[in-house]
Each structure stands twice: as structure tokens, then as C-alpha cells.
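This report concerns only the one structure given below.
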Amino acid sequence: MDQQLPCIRGECDCDSYALSDPRQQHTNVPFHLLPQILYATHRFPSAVLGASGDLAKKKTFPALFGLYRNGFFPAKTHIVGYARTKMTPDEYHKRVSQYIKVPEAFPTQLSEFLAVTSYVEGQYDDDASYQHLNKYLEKIENNSKIAEGHRNRLFYMALPPSVFIPVAKGIKKNVYSKGAINRLVVEKPFGMDLESSRHLGKELGALFSENEIYRIDHYLGKEMVKNIMTMRFANVFFGSIWNAQHIDNIQITFKEPFGTEGRGGYFDEFGIIRDVIQNHLFQVLSLIAMERPISLDAEAIRDEKVKVLRCIPPIVSKDALLGQYGKSEDGTKPGYLEDDTLKNKQSVTPTFATLVAWINNERWQGVPFILKAGKALNESKVEIRIQFKNVTGQLFNTVPRNELVIRVQPNEAVYM
């Protein structure tokens, strides 16, 4: 049920949208479009900024290895990790490969992949560091005999939004490849709120043209999330029941069995709502609730998502439940406030949240969309549970109501 992918031009934003401000005409791409970005820029070194971070080692590098393993890397591609951490090449390669799963049938592919990635240490607010990075990229381009005008570069910012602007300024001033193709990939969360999101958009727009900027929510690369539209709009029997007349409630649940584990400093700035619900779960909600777009064009899909988001009033306190995990019952796992990287030991940042969103339109009036997300819970699971209304005059009182369950992870599945 793979969804047809759109074109590779810069204006493609397919499944993604900057949810913090639905009025901005942003270019956004889901994670599965990265290979198309790579081919759009042909031959180039790619710089992963924030290469020592949690997102890079758990998501970015495993995804890049997957692209390499499946032959999506253009010729002469080289990945350069850039971060403030001091690391030897061996330490860097160990970090990069920590979460990469290598198929038994292809044991040599990891070493081949590591051969085309290297590391440069530098600061995020220092021109000299970026000039050093630029010289390193030029050395790679010279050794690869890439001609002037074809030295295309992709900059992937696996960084917190607090440093997006200084990093973008450092790239544009010192590392931008003149006369060639440049692409800036920005990871979520895109700011802390509407005001900061608009500020980021304005500042990045002053440095790069819109077709050079890609805003990514990596959650949209999950197979089951990609297939929600196909399931909804390619199956006629869902059309007549996908509304408030037949559906009682929709629950979107995100559960992780581990805590912050060294990410407390970053996580405390955002909390579970900004880190997961505002982007990942609202993206899923918009795919579940949107009307059929007039086409699969990027803007058509985005427009239908925005219509849904504009129908959601602000969530009130009576429709919210917040919590924070403590030490495990056996004492082996620390509580959130005991994370060594957490500076504020009196933090009230939530690590668990349940929010109820209401969509005030004809299709969904009165149907609660219950969004649940938390860390350090009993299992790893992401699912969408669509509960239908009870049958009128139910003859079988012991029979539970009908449910359609879409399991995103683990082990993708759709079942009743």
C-alpha cells in the first residue's frame, strides 16, 4: 500500500506541515523523501550538524545507512558529521554505527558506509569553526574531482531549535557553495510556540530561498503513517463510516518504555507535548481527520491538513492530564528528576500527557480525539484506535464495540 511519492522539486512538502503556524507556506518533507533530495542535488558532501546527538545516532545515521544500503546514494557522496564533541575517528564511527542494524546477508556494507563518513569538531557560533568545515568539504570535493559549479551541499540540522539561526547564519556565511545547489534540512520541533516558529521562518527565509529549505518531521517516514491516506481514500467502505455519525472517539497513543536517559537537558526545554504531541501526533491526527485532497500534489494535501487544524479550538485544562515519571518500583531506573543531565531538579516539565482535541466541523463535531504520549511506560507502542459507536438496540450485551486499530509500531498492522 505504498503511497505514490511526489516530485523531487523543492516545493514538495507532501505529508509534512509546520503545525505551529498553518498559515505559513513552508516547504516540508517527510523523512522518506530524503533519497529524492539526495538525487535532486546529484553529487555532494552532506554535513550532519549535531552529529554527536541522540537524534543523529538513533535516527539520522541509521536512515542514511538504509539509503546507502538500498543504492540511493549518488556517486561521490560523503557524509561529514559536525558537532562540538571531541571524538576520534574510531569513537565517531562507533557512535554512528551504534543503532545501525546490518542484514546478515550484507556484512560488509557497514564498513563501506563508514568509509564515506567522517567527523569535524567545531562550535555552532564560531566563524573559524565553519571555515574549517568549509576547507574540509573543499578537500573532499577536490579529491573527488567535482568541478566548480557542481559542488552541491546538503546541510542536515539534527539540532535543537535554539541554535537553528546561528547555525544557519554560520553555514550561509562560511560554508555555502556558491553557484551550486545547497539544501538546508531542519528537524522538528520548529520553535517553542507560534511566535518563535514565525521568527525562525523569517530568519531562515532571509538566509536561504524557500526551495533550499526542507522542514522534516521524521515520524512521517514510518510505513504505516505513510499509508494512512491510501487506506482511507482507496477503500470505498471507509468513506461512509468515517464520520461522527458512526465513530465514538479516536485515540492516538505513543508509548516509550525508557526515560530521558541522558537527554534531560534537552527534553526539559520542551516536554512531551512539544517533543511528541505537537508534531508527531498532530501530523497523524491531520491525516486521519482531513478531507480527501483534490490531488496528491503537495499543496493540495497541505491545504486539507490546514483546514482540519484550523477547526481545532485551544485545548482547555479540563481536557488535559499531565504527569512525570518517578523511580521504578524496583529502584533500578531513576526518575525524571534524577537524570544527571537535568539542571532544574524542581522541574514540572511533563513526561506524560493526555490531551483531548475537538474538531469543530461537520464531519467530526462531537468526536473526541484523545492524544496520549509518555516516556518510561510499560511498553513501546504507537497505535491509532478508532472506536465506533454501539449498535442501537444491541442484542449481544457482552460483545464489545467495534474498533479499527492501526498499529504504527512495533510490527505494523491494521485489524478490527
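The values are calculated or read from the model by the stated rules, or taken from the named source; none is laboratory data. Since the model is a prediction, treat every value here as computed from it, not as a measurement. Cβ placement follows ideal geometry from the backbone for every residue including glycine, while neighbour counts extend to all protein chains displayed. The area values use the complete protein model at the heavy-atom level, side chains included, leaving out ligands, DNA and RNA. Shrake-Rupley method; radii C 1.70, N 1.55, O 1.52, S 1.80 Å.
Just checking, which of Glu379, Glu403, Glu329 is open to solvent by 30 Å² or more (accessible area, probe 1.4 Å), in contact with a Lys or Arg (Cβ under 7 Å, 6 or more places away or on another chain) and free of Cβ contacts under 8 Å to residues at least 40 places away in the same chain?
Values: Glu379 fails: free of Cβ contacts under 8 Å to residues at least 40 places away in the same chain; Glu329 fails: in contact with a Lys or Arg (Cβ under 7 Å, 6 or more places away or on another chain).
Criteria check complete, one pass: Glu403.
Being assigned to a helix (DSSP H, G or I) and either modelled with pLDDT of 95 or more or in contact with a helix residue (DSSP H, G or I) (Cβ under 8 Å, 6 or more places away or on another chain) (or both) is the filter here; which residues of region 282-300 pass it?
Initial filter on region 282-300 (assigned to a helix (DSSP H, G or I)): 282-289, 298-300.
Listed by number, the residues that qualify are Phe282, Gln283, Val284, Leu285, Ser286, Leu287, Ile288, Ala289.
Only one of Ser197, Ser209 is of a type in the set (Gly, Ala, Ser) and closer than 28 Å to Ala128 by Cβ. Can you tell me which? Steps first, please.
On the way: Ser197 fails: closer than 28 Å to Ala128 by Cβ.
Testing whether each residue is of a type in the set (Gly, Ala, Ser) and closer than 28 Å to Ala128 by Cβ leaves just Ser209.
For region 178-190, what are the residues that are open to solvent by 10 Å² or more (accessible area, probe 1.4 Å) and either more than 20 Å from the chain's Cα centre (by Cα) or more than 21 Å from Tyr82 (Cβ to Cβ) (or both)? Break it down stepwise before answering.
Pass one, region 178-190, residues open to solvent by 10 Å² or more (accessible area, probe 1.4 Å): 178-181, 183, 188, 190.
Answer for region 178-190, where residues must be open to solvent by 10 Å² or more (accessible area, probe 1.4 Å) and either more than 20 Å from the chain's Cα centre (by Cα) or more than 21 Å from Tyr82 (Cβ to Cβ) (or both): Lys178, Gly179, Ala180, Ile181.
Please return the ranges of helices (runs of 4 or more DSSP H) entirely within region 59-166 where 3 or more residues are of a type in the set (A, V, I, L, M) and either more than 30 Å from Gly265 (Cα to Cα) or open to solvent by 30 Å² or more (accessible area, probe 1.4 Å) (or both). Break it down stepwise before answering.
Numbers: elements: 61-69, 89-96, 109-114, 127-143.
The helices (runs of 4 or more DSSP H) meeting that bar are 127-143.
List the number of the failed condition for Phe258; all other conditions in (1) farther than 19 Å from Lys381 by Cβ; (2) modelled with pLDDT of 90 or more; (3) outside any helix (DSSP H, G or I); (4) of a type outside the set (A, V, I, L, M) hold.
For Phe258, the exception is condition (1).
Suppose we keep only residues that are more than 22 Å from Ile406 (Cα to Cα) and not β-branched (Val, Ile, Thr) within region 303-315. Which one would you say is most open to solvent (accessible area, probe 1.4 Å)? Spell out how you get there, then give the answer.
Applying the first criterion (more than 22 Å from Ile406 (Cα to Cα)) to region 303-315 yields 303, 306-307, 310-315.
Pick out the ones that are also not β-branched (Val, Ile, Thr) and you get 303, 307, 310-311, 313-314.
Details: Asp303: 68, Lys307: 116, Arg310: 147, Cys311: 38, Pro313: 52, Pro314: 117 Å².
Result: Arg310.
Name, by its number, the condition in (1) in a helix (DSSP H, G or I); (2) touching a residue at least 40 places away in the same chain (Cβ under 8 Å); (3) open to solvent by less than 50 Å² (accessible area, probe 1.4 Å); (4) over 20 Å from Lys58 (Cβ atoms) that does not hold for Asn211.
(3)
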